[in-house]
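What follows is a single structure, and I will ask about it in a moment.
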Amino acid sequence: MPLPLPSKKAETLILKLISTMPCPPLLNPSQLHSPPPTSLLPNCRTIKELKQIHSQIIRTGLANCPAERARLLSFCCTQHSIPGHLNYARLLFDQIPHPEPALWNSMIRAYSEHDSPADAVSMYIRMLASHSKPNNYTFPFLLKSFTRHVAANLGDGFHAHAIKFGLSSNHHVQNALIHMYSVSGETDTARQLFQRGWKGDAVMWNVMISGYNRRKQYDEACTLFGEMEKENVDPNEVTFISVLSACAKLKDLEFGNHVHHMIEEDGGKTIPNQKLQNAIIQMYAGCGAMDIAWRLFETMGSRDVVTWTSVVVGFANVGQVDRARGLFDKMPKRDVVSWTAMIDGYVRMNRNKDALDLFRKMQETKIQPDDFTMVSMLTACAQLGALEVGEWIRGYMERNRMKMSTVVGNALIDMYSKCGCLESARDIFRKMNSKDKFTWTAMIVGLAINGHGEKALNLFSEMLQASVRPDEITFIGALSACSHSGFVEEGRELFLSMITTHGIMPNVAHYGCLVDLLGRAGQLKEALETISNMPMRPNSTVWGALLGASRVYRNVEMAELAACCILELEPGNGACYVLLSNIYAKCNKWDEVQRVRKMMMDRGITKQPGCSLIEVHGEVHEFVAGDRSHRRSDDIYFKLEEMGRELKLAGYVSDTSEVFPDIEEEQKESAVYQHSEKLAVAFGLLNCKAGETVRVVTKMRICNDCHNVIKLASELYGRHIVVRDRTRFHHFRDGDCSCKNYW
DNA sequence: GTAGGGTTAG
């Protein structure tokens, strides 16, 4: 029977005892009759075998032979596949009375490769305390592990140490320092070191180019590659891979082509290996040149998971998401990146249900989703308003102790606020200890679309106080907060401060917010003036804001102007005809109503079927107006009729003013009563227990009648009903709506 | 017994 292995504690004691025991006669390997135990190391696969070799070393009296000891320690430090290798290395190391610099370096490297910069640093400090001097190897090992945070806080100090110990002229140390500064985000400092460094071969150039890539400074990466050409330094495979990656990110096909030609005309010096071939395909795919990428893919000798993923992503990015899926299904091997890329491809094409389905398929495999997967999934949930799935994902991450990075936190805030759960969104926001501009922006937008304009603006001030620089999206959030809450003056000031204080030039969307803000406040003339003074061509959103305001304030002239401009830009915009005819109807201009109706018939304009979504028990249900396809359709229409009867008793009168003018008067009432929003709400009332919030997402602007019905239903059934429409939330409670009847 | 650079996804 094999002896039981000693416990950790016993092991430490044994090792201590051994080190204090009288030594066996000191030998060196040449005095042995058989090969030294360390010659067995290349075949060592488990911690048990490692311990056997170690005991042989002790038994043969080689334990104090520096070379044998070093061989064992070095082996131990690098065996990442053996669990516990690092702790065992540390135990060995701690038994050595005066370790030489190389042994300290080995330990520092081991911690560094284990992604434990704190341990690597503390090893370095112990090294200094024991009067060992760092050498040329020390800093490359140490600095390699630095995260952004560590590099930003300790980087300068270690740079100073390197100088103090006279190591700063060594190429390896210089490269390590450049790498470290680019990790910390200080590419300018990195560049200064680069300028002074030795640039005879490609390595330092590679460090600098990849440093720029790391900080998304792709232009600089390409420019530096150009300088390298001028200086006649031969790029190698690594250089090509980095610069092609930069081209892909920039979508710079011309420069990418140039690099590809350089590789081909390299006179055989660079024979593209798998990684370089992947980088070439990925460059073409990234630039959207799928014909070339596909040709290269087809003629490629061997394809790995990266090759496949690159073309899958490429097709998804040019909108051919079904072709991407076809390839994905054919992949011989898929890893977490390929799954996530495909899921994300669906999300970006707004095929969120497909994304959810694919995630379920992924869970049938052994491949674990990571934080990237979760961000894509949370985005899908946000777009669908799928709160239950979103919450499940949050729980999944907690159960599996997954990394809660800032990006994940941001996605959670976005998911919660787009599901109308502001409290949960704010809870995540409060708990996040590192907030970036996206965190603040997500929360500001969340507050704004949920009707908390004042809180959104307060948070915007807090953001400025925290010295986080807002970007153009933050201003969209802040401006729409003003607009939704009627803060006209604040909005105007904000718009000006955007240019004067923050140096951000407003784009067409910002002007849209401004027009909306003025229009909602009834300042139609000012709104029109704003449009005519815009430095760019107004788009249909801008005119749409004016049209909406004209409807509320019954300004026929302005409405006609706005509608004409929209139809000029988008002749097939059915909603615009409807809105215009509604305005005519409200002003009793029936001839005009008929004229618009005829115009639509002549031009063959039909109403695009808008749909509404509701998530029940983790499943997303989709409805279009008059939908009979749902498996519980009969129940839904029964519920709808029951609602109708009860609401009529409570005083409800149907409002058919916004019905598409292509149907006869007597059918209008039933048409309006089968709107997808109502079907979804009825389904929600059928399936959600008393006290549960009913949450519906609709892709359109909610109509007056639906708004009335849901308001009454919230009172009649004592329910909180949340409807997210195209631009904002309606929180219906006790017969009232958070939008204050302006949307 | 120890050194440097790279590809796929938010």
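Would you work out the charge dipole size for region A:186-256 about its Cα centre, treating the Cβ of every Lys and Arg as +1 and the Cβ of every Asp and Glu as -1, and quote it to the nearest 20 debye? Could the numbers behind the result be given before it?
Values: 9 positive and 12 negative charges, 60 e Å.
Here the size comes out at about 280 debye.
Rounded to the nearest 10 degrees, what's the angle between the helix A:508-520 long axis and the longest principal axis of chain A, both from Cα atoms, 0 to 90?
Relative to chain A, helix A:508-520 is tipped by roughly 40 degrees.
Note the direction-averaged projected area, equal to a quarter of the hull surface, for the Cα convex hull of region A:61-104, in nm².
Values: hull surface 12.1 nm².
Approximately 3.0 nm², given one-decimal rounding.
Which one, A:605, A:694, A:63, projects farthest toward the positive side of the charge dipole computed for chain A from Cβ point charges (K/R +1, D/E -1)?
A:63
Let me know the charge dipole size of region A:527-606 about its Cα centre in debye, to the nearest 20, where only the beta-carbon of Lys, Arg (+1) and Asp, Glu (-1) is charged. Please list the in-between numbers first.
Values: 9 positive and 8 negative charges, 50 e Å.
Its charge dipole is roughly 240 debye.
For q values of 0.20, 0.21, 0.33 Å⁻¹, compute log₁₀ I(q)/I(0) with the Debye formula on a Cα-only model of region A:142-189, without solvent.
Values, matching the q order: -0.56, -0.62, -1.31.
Rounded to whole Hz and in sequence order, give me ³J(HN,Hα) for region A:213-224 from the Karplus expression 6.51 cos²θ - 1.76 cosθ + 1.60, θ = phi - 60°, writing x for Gly and Pro.
4, 4, 9, 6, 8, 5, 4, 5, 4, 5, 4, 5
Right, another one. For region A:611-737, rounded, prolate or oblate, judged on the Cα gyration tensor with a ≥ b ≥ c (square roots of eigenvalues), a/c < 1.5 rounded, else prolate if a/b > b/c?
Taking the square roots of the gyration eigenvalues as a ≥ b ≥ c, region A:611-737 is rounded.
I would also like to ask the following. In degrees, nearest 10, range 0 to 90: what is the angle between the Cα axis of helix A:237-250 and the longest Cα principal axis of chain A?
Tilt relative to chain A: about 10 degrees.
Could you work out the mean projected area of the convex hull around the alpha carbons of chain A, in square nanometres to one decimal? Could the numbers behind the result be given before it?
Values: hull surface 172.1 nm².
Computing the convex hull of the Cα atoms and averaging its projections yields 43.0 nm².
How big is D, in µm² s⁻¹, for region A:529-680 by Stokes-Einstein at 4 °C and 1.567 mPa s if Rh is the Kirkwood radius over C-alpha pairs?
Working: Rh = 17.5 Å.
Approximately 74 µm²/s, per Stokes-Einstein.
For chain A, find the longest principal axis of its Cα atoms and tell me its angle to the long axis of helix A:556-569, 0 to 90°, nearest 10.
50
Taking H placed 1.01 Å from N in the peptide plane, check which residues at least 5 places from residue A:621 or on another chain put their amide H under 5 Å from its amide H.
Answer set, sorted by chain and number: A:614, A:615, A:616.
Another one. Using +1 on the beta carbon of Lys and Arg, -1 on that of Asp and Glu, and nothing else charged, what's the dipole of region A:471-539 about the Cα centre, debye to 20?
Values: 4 positive and 8 negative charges, 42 e Å.
Rounded to the nearest 20 debye, it is 200 debye.
Shape call for region A:527-606 from the C-alpha gyration tensor, a ≥ b ≥ c root eigenvalues: rounded (a/c under 1.5), prolate (a/b greater than b/c) or oblate? Don't skip to the answer; put the middle values down first.
Details: a/c = 2.68, a/b = 1.37, b/c = 1.95.
Oblate, since a/c reaches 1.5 and b/c is not below a/b.
For every helix of n ≥ 4 consecutive DSSP H residues, a contribution of -39,500 (n - 2.57) applies; sum these over chain A, divide by its total residues, and give [θ] at 222 nm rounded to the nearest 500 deg cm²/dmol. Don't jump to the answer; show the numbers that get you there.
Numbers: 38 runs with 475 residues, N = 743.
So the calculated ellipticity at 222 nm is -20000 deg cm²/dmol.
Which whole-Hz ³J(HN,Hα) couplings does region A:355-362 yield from phi under the Karplus relation 6.51 cos²θ - 1.76 cosθ + 1.60, θ = phi - 60°, glycine and proline marked x?
4, 4, 4, 5, 4, 4, 5, 4
Let me ask you something else. Step through the residues of region A:395-406 one at a time and calculate ³J(HN,Hα) from phi using the Karplus curve (6.51 cos²θ - 1.76 cosθ + 1.60, θ = phi - 60°), rounding each to whole Hz and writing x for Gly and Pro.
Here the 3J(HN,Hα) series is x, 4, 5, 5, 4, 9, 6, 7, 4, 9, 6, 4 Hz.
Additional query: Please name which of A:543, A:530, A:594 has its Cα lying farthest along the dipole of region A:527-606 towards the positive end, using unit charges on Cβ (Lys, Arg +1; Asp, Glu -1) and the Cα centre as origin.
With unit charges placed on the Cβ atoms, the residue in question is A:594.
All of the numbers you see were taken from the coordinates with simple rules; none came from a lab. All values derive from a computational prediction rather than experimental measurement. Neighbour counts run over all protein chains shown; Cβ positions are idealised from the backbone, glycine included.
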